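The values are calculated or read from the model by the stated rules, or taken from the named source; none is laboratory data. Owing to the predicted nature of the structure, the values given are computational and were not obtained by experimental measurement. Cβ atoms come from the backbone with ideal geometry, glycine included; neighbour counts cover every protein chain shown.
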Amino acid sequence: MNSGEASALFLEGVHKSFGENEVLKGIDLVVEPHEVVCLIGASGSGKSTLLKCVNLTEPVDSGRIVVEGEEITAEGVNVNRVRRKIGIVFQAFNLFPHMAVLQNITLAPHEVLKMDRKAAERRALELLERFGLLDKRDEYPDRLSGGQQQRVAIVRALAMRPSVMLLDEVTSALDPELVAEVLSVIRGLADEGMTMLIATHEMGFARDIASRVCFLEAGRILEQGPPERIFTSPENPRTRQFLQRIIAAGRL
Amino acid sequence: MTTRGTGPAGTLEPPSPPPPGRGSKMLGGHAVLVSGVSTILFFAVIAAIVVLAPGSEVVAERFFNPFHLRQSFFGTESEPSVVGAFLLNVYIFVISEALILILALVIAVVRGIPGPVFFPFRMIAIAYTDLFRGIPLILVLYIIGFGVPGLGLAFFSYLSDVTYGIIALVLVYSAYVAEVYRAGIESVHESQNAAARSLGLSRWQSLRFVILPQAIRRVIPPLLNDFIGLQKDTALVSVLGSIEAARAAQIYGASQFNYASYVVAALLFVLITIPLARFTDRLIARDKRRHGAGAVA
């Protein structure tokens with residue numbers, strides 16, 4: 001059996017409860033390098049909690065999570081070091097409002113990776129330029145649109161050169177006309193071969209970008225496979241039901 | 001606590017509602033007239049009451065005699081100058097404020113450290129704030145100022161009265177200010193910490209670079225409020241024997257049978273709080289400008 005040595009991300013039997021409420025009921029998932037895996041499913045199915053567990057924001061109750069051959073759920077793991085390898089982008093952006101864009105991006109490279117300030121700024125400016133945000137370098141987050149904020153948040157995560165990116169419903173808080181600019185950034189990352197685990201409600205986007213789609217319900221992965229198959233001929237009746245509701249709502 | 005005082009405190013509403021169709025910020029010609037007349041009337045009534053009071057002449061002589069105002073301000077050979085003594089208040093205030101800002105922050109941070117290992121430290125922080133917020137400042141002054149010298153310790157029992165005063169002020173005010181800091185820290189949303197930690201910042205780095213800068217900015221108005229209180233409470237240090245402005249005024253009043261010295265001391269206290277208040281207003285305004293007037297994404 002695969003023990004996750006070669007995988008970018010390897011989850012085995014991950015359980016997580018909040019009090020009485022068991023949110024993850026044994027998740028097994030492998031993400032290979034350069035794969036883009038989309039997690040779909042209704043709200044409350046455990047997508048976000050899964051990402052939080054991978055990021056060690058929430059401790060798992062049982063099971064193993066291995067990132068690039070290192071078991072991050074083992075006792076005594078340095079969580080700060082693990083998190084450097086894993087970039088996460090949140091639904092609500094969570095930029096630091098008291099810092100200008102450039103400082104938002106350079107804070108962690110400078111303080112955590114101990115890059116000197118000049119080098120951290122150079123890298124940040126490169127990334128900003130690549131994502132068309134160079135003119136926003138000195139703005140404060142409140143002055144940016146939601147789409148711009150989310151792109152800055154992506155740049156902030158990328159500046160740490162993570163080996164895996166976790167995206168937690170990154171377009172859910174955006175006005176519809178701002179969604180496209182953020183999705184095109186993510187598409188660009190996928191084209192460059194960034195390994196990503198994406199929780200999303202954007203089914204069209206998932207079908208477009210994912211190398212694999214996982215359908216979650218009630219804390220379990222019920223079905224997974226290439227998007228062509230999942231979205232056209234899902235095997236599990238629950239997946240079918242979910243997608244029918246999505247189609248009925250005009251979201252696919 | 002954190003929301004108090006964030007509004008533009010200087011803009012008083014006009015006494016009459018602005019006429020319909022006008023913005024509430026801009027006073028139209030009519031509104032200016034009404035507010036002007038109302039202001040003049042208001043102060044005229046107050047002035048009339050003061051001037052027509054049966055003892056008004058005596059009070060004017062006792063409190064506002066120009067000669068005594070000037071003489072108590074500069075002092076005489078036998079009475080200390082009120083303004084000279086006020087320098088001691090300023091000294092006590094500046095030293096205390098610096099120490100309070102640091103000690104209170106330490107207490108607030110310690111109180112927020114999670115984990116069972118830090119339980120005793122959290123307990124100490126909680127006990128500290130409970131204790132020193134509960135005891136009246138004047139009692140703390142007596143206990144420190146007379147108790148510590150009585151202990152006969154090598155160094156600590158031979159400090160000056162002013163030093164004991166400063167220690168007492170720092171102990172009491174740090175308890176208040178720690179609570180202000182704590183409210184600020186708790187007002188920063190947990191997602192900020194999550195974002196910082198997800199980037200690999202340690203708990204301490206997150207606190208230092210992300211949480212505290214935001215928290216402190218938010219509590220500047222209530223902090224200022226406490227510091228104005230502190231400026232005034234420096235007068236209480238006189239119970240240990242130090243001659244600061246209020247005591248100097250009292251000495252003058254007792255020997256000259258004139259209380260103009262109290263008015264001088266009062267004005268000095270007011271004068272020093274005004275720049276502090278304006279400075280804080282400017283800090284808040286600068287912050288607002290930077291972040292766009294409360295724009296929400």
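Per the conditions (1) part of a helix (DSSP H, G or I); (2) more than 18 Å from B:Leu201 (Cβ to Cβ), the sole criterion not satisfied by A:Ala157 is (2).
Count of region A:120-161 residues, restricted to those that are within 8 Å of chain B (Cβ to nearest Cβ), under 22 Å from the mean Cα position of the chain (by Cα) and of a type in the set (D, E, K, R), is 1.
Of all the listed residues (B:Gln231, B:Gln205), the sole one being in contact (Cβ under 8 Å) with a residue 24 or more places away in the chain and either among the polar types (S, T, N, Q) or surrounded by fewer than 22 Cβ atoms within 10 Å (Cβ to Cβ) (or both) is B:Gln231. Out of (1) over 16 Å from the mean Cα position of the chain (by Cα); (2) in a loop (DSSP other than H, G, I, E, B); (3) within 13 Å of chain B (Cβ to nearest Cβ), what's the single condition that is false for A:Ala74? Answer for A:Ala74: the failing condition is (3). Considered as a group, the residues in region B:184-198 that are out of contact with any Lys or Arg (no Cβ under 8 Å at 6 or more places or on another chain) and more than 12 Å from chain A (Cβ to nearest Cβ) include one that is surrounded by the most Cβ atoms within 10 Å (Cβ to Cβ), and that residue is B:Ile185.
For region B:51-92, filtering for residues that are hydrophobic (A, V, I, L, M, F, W, C) and loosely packed, with under 11 Cβ neighbours inside 10 Å leaves 4. Here A:Ile40 meets each of (1) at pLDDT 90 or above; (2) within 13 Å of chain B (Cβ to nearest Cβ) with one exception, condition (2). Of everything listed in (1) out of contact with any Gly (no Cβ under 7 Å at 6 or more places or on another chain); (2) in contact (Cβ under 8 Å) with a residue 40 or more places away in the chain, the single unmet condition for A:Arg122 is (2).
Among the residues in region A:56-64, are any acidic (Asp, Glu) and within 14 Å of chain B (Cβ to nearest Cβ)? Within region A:56-64 (the criterion being acidic (Asp, Glu) and within 14 Å of chain B (Cβ to nearest Cβ)), the answer is yes, since at least one residue qualifies. When we screen B:Phe93, B:Phe86, B:Phe74 for residues that are without any contact (Cβ under 8 Å) to a residue 24 or more places away in the chain, in contact with a helix residue (DSSP H, G or I) (Cβ under 8 Å, 6 or more places away or on another chain) and aromatic (Phe, Trp, Tyr), the only hit is B:Phe74. The residues of region B:56-86 that are over 20 Å from B:Ala246 (Cβ atoms) and part of a helix (DSSP H, G or I), listed by number, are B:Ser56, B:Glu57, B:Val58, B:Ala60, B:Glu61, B:Pro66, B:Phe67.
Only a single item in (1) at pLDDT below 95; (2) surrounded by fewer than 22 Cβ atoms within 10 Å (Cβ to Cβ); (3) part of a helix (DSSP H, G or I) is not met by A:Gln150, and it is number (2). Of everything in region A:85-119, what is over 28 Å from B:Arg217 (Cβ atoms) and within 18 Å of the chain's Cα centre (by Cα)? Give them in sequence order. Those that are over 28 Å from B:Arg217 (Cβ atoms) and within 18 Å of the chain's Cα centre (by Cα): A:Lys85, A:Ile86. Once region A:90-119 is narrowed to residues that are touching a residue at least 60 places away in the same chain (Cβ under 8 Å) and facing another protein chain (nearest Cβ under 9 Å), the residue that is surrounded by the fewest Cβ atoms within 10 Å (Cβ to Cβ) is A:Ala92. Restricting to region B:147-167, give me the number of residues that are touching a helix residue (DSSP H, G or I) at 6+ places or on another chain (Cβ under 8 Å) and either more than 16 Å from B:Ile92 (Cα to Cα) or without any contact (Cβ under 8 Å) to a residue 60 or more places away in the chain (or both). Residues in region B:147-167 being touching a helix residue (DSSP H, G or I) at 6+ places or on another chain (Cβ under 8 Å) and either more than 16 Å from B:Ile92 (Cα to Cα) or without any contact (Cβ under 8 Å) to a residue 60 or more places away in the chain (or both): 9 in total. Of note, A:Val67 satisfies the criterion of being under 16 Å from the mean Cα position of the chain (by Cα), more than 9 Å from chain B (Cβ to nearest Cβ) and more than 20 Å from A:Leu216 (Cα to Cα). Restricting attention to region B:110-118, does a residue exist that is loosely packed, with under 15 Cβ neighbours inside 10 Å and either in contact (Cβ under 8 Å) with a residue 12 or more places away in the chain or not assigned by TED's automatic domain parsing to the domain that holds B:Asp226 (or both)? Within region B:110-118, not a single residue is loosely packed, with under 15 Cβ neighbours inside 10 Å and either in contact (Cβ under 8 Å) with a residue 12 or more places away in the chain or not assigned by TED's automatic domain parsing to the domain that holds B:Asp226 (or both).
Could you go through region B:162-183 and let me know if any residue there is more than 21 Å from B:Ala235 (Cα to Cα), crowded, with 18+ Cβ neighbours inside 10 Å and within 14 Å of chain A (Cβ to nearest Cβ). No, the conditions are met nowhere in region B:162-183.
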